[in-house]
Amino acid sequence: MVSKIKSKYRNVDVSIGLAFRCLPESYGRKSFIRYTKKDNYLTIDIAVTVEEYEKMYKLEQRFHLGNLFLKFLNTALEKYSFDGLENEIFINDIKIWAREIPLKMDNGSTKLCNWFNEEIDWTVDLDK
């Protein structure tokens, strides 16, 4: 996916860094979006709580993280504009390319189309 992004968006002068943090609620860590103009670097740092995620199945975690990522990416791109980057097309490309990321199942098989679905597909987890 990274090579596809670099190829299609090679004329867009920005680097995007992404962090997911799953920490105890007591840490009080907050999510943030920051753009450093000097370095032309957009940082999206998403914090979720262990307490919330330990109650979820892996499918729910993936679904929730995917939606959070898209929400934060959309917010960042609305706040900061970059020449040559059409936000809606970029986000759609990310959704399409992420579906090509294979997911190794507990039984050893691999599945595609695991990210950015409209709803949780519980059947994915039935072949453990």
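The values are calculated or read from the model by the stated rules, or taken from the named source; none is laboratory data. In this text, all values refer to a predicted model and were calculated from it rather than measured experimentally. No Cβ is skipped: glycine too gets one built from the backbone with ideal geometry, and neighbour counts run over all protein chains shown. For the accessible areas, the whole protein counts, side chains as well, though only heavy atoms, and no ligand, DNA or RNA atoms are used. Shrake-Rupley method; radii C 1.70, N 1.55, O 1.52, S 1.80 Å.
Could you tell me whether residue 26 is polar (S, T, N, Q), at pLDDT 95 or above and over 26 Å from residue 121 (Cα atoms)?
So residue 26 fits the description; yes.
Among 112, 103, which is open to solvent by less than 50 Å² (accessible area, probe 1.4 Å) and of a type outside the set (Lys, Arg)?
Only one candidate passes the filter, namely 103.
Just checking, how many residues over region 115-128 are assigned to a loop (DSSP other than H, G, I, E, B) and open to solvent by less than 80 Å² (accessible area, probe 1.4 Å)?
Adding up the residues that qualify gives 6.
Test residue 57 against the criterion of being in contact with a Phe, Trp or Tyr (Cβ under 9 Å, 6 or more places away or on another chain), closer than 21 Å to residue 10 by Cα, open to solvent by 50 Å² or more (accessible area, probe 1.4 Å) and not aliphatic (A, V, I, L, M), and give yes or no.
No: the conditions fail for residue 57.
Please work out if residue 17 is open to solvent by less than 40 Å² (accessible area, probe 1.4 Å), in a helix (DSSP H, G or I), modelled with pLDDT of 90 or more and not basic (Lys, Arg).
The answer is no for residue 17.
Within region 69-86, which residues are out of contact with any Ser or Thr (no Cβ under 8 Å at 6 or more places or on another chain) and not charged (D, E, K, R)?
Selection gives 69, 70, 73, 74, 75, 76, 77, 80, 81, 82, 84, 85.
Are there any pairs with C-beta distances below 6 angstrom linking a residue in region 109-128 that is of a type in the set (Val, Ile, Thr) to a residue that is open to solvent by 80 Å² or more (accessible area, probe 1.4 Å) and modelled with pLDDT of 80 or more, with the two at least 6 apart or on different chains, and if so which?
Here the result reads 110/102, each pair linking region 109-128 to a residue that is open to solvent by 80 Å² or more (accessible area, probe 1.4 Å) and modelled with pLDDT of 80 or more.
Could you give every pair whose Cβ atoms fall below 7 Å, whose first residue belongs to region 72-96 and is closer than 22 Å to residue 48 by Cα, and whose second residue is in a loop (DSSP other than H, G, I, E, B) and among the small types (Gly, Ala, Ser), counting only separations of at least 6 or pairs across chains?
72/31
How many residues does region 47-92 contain that are part of a strand (DSSP E or B) and not β-branched (Val, Ile, Thr)?
The qualifying residues number 1.
Looking only at region 21-46, count every residue that is open to solvent by 70 Å² or more (accessible area, probe 1.4 Å) and assigned to a loop (DSSP other than H, G, I, E, B) and tell me the total.
Summing the residues that are open to solvent by 70 Å² or more (accessible area, probe 1.4 Å) and assigned to a loop (DSSP other than H, G, I, E, B) in region 21-46 gives 5.
How many residues, within region 93-114, are part of a strand (DSSP E or B) and closer than 18 Å to residue 44 by Cα?
0
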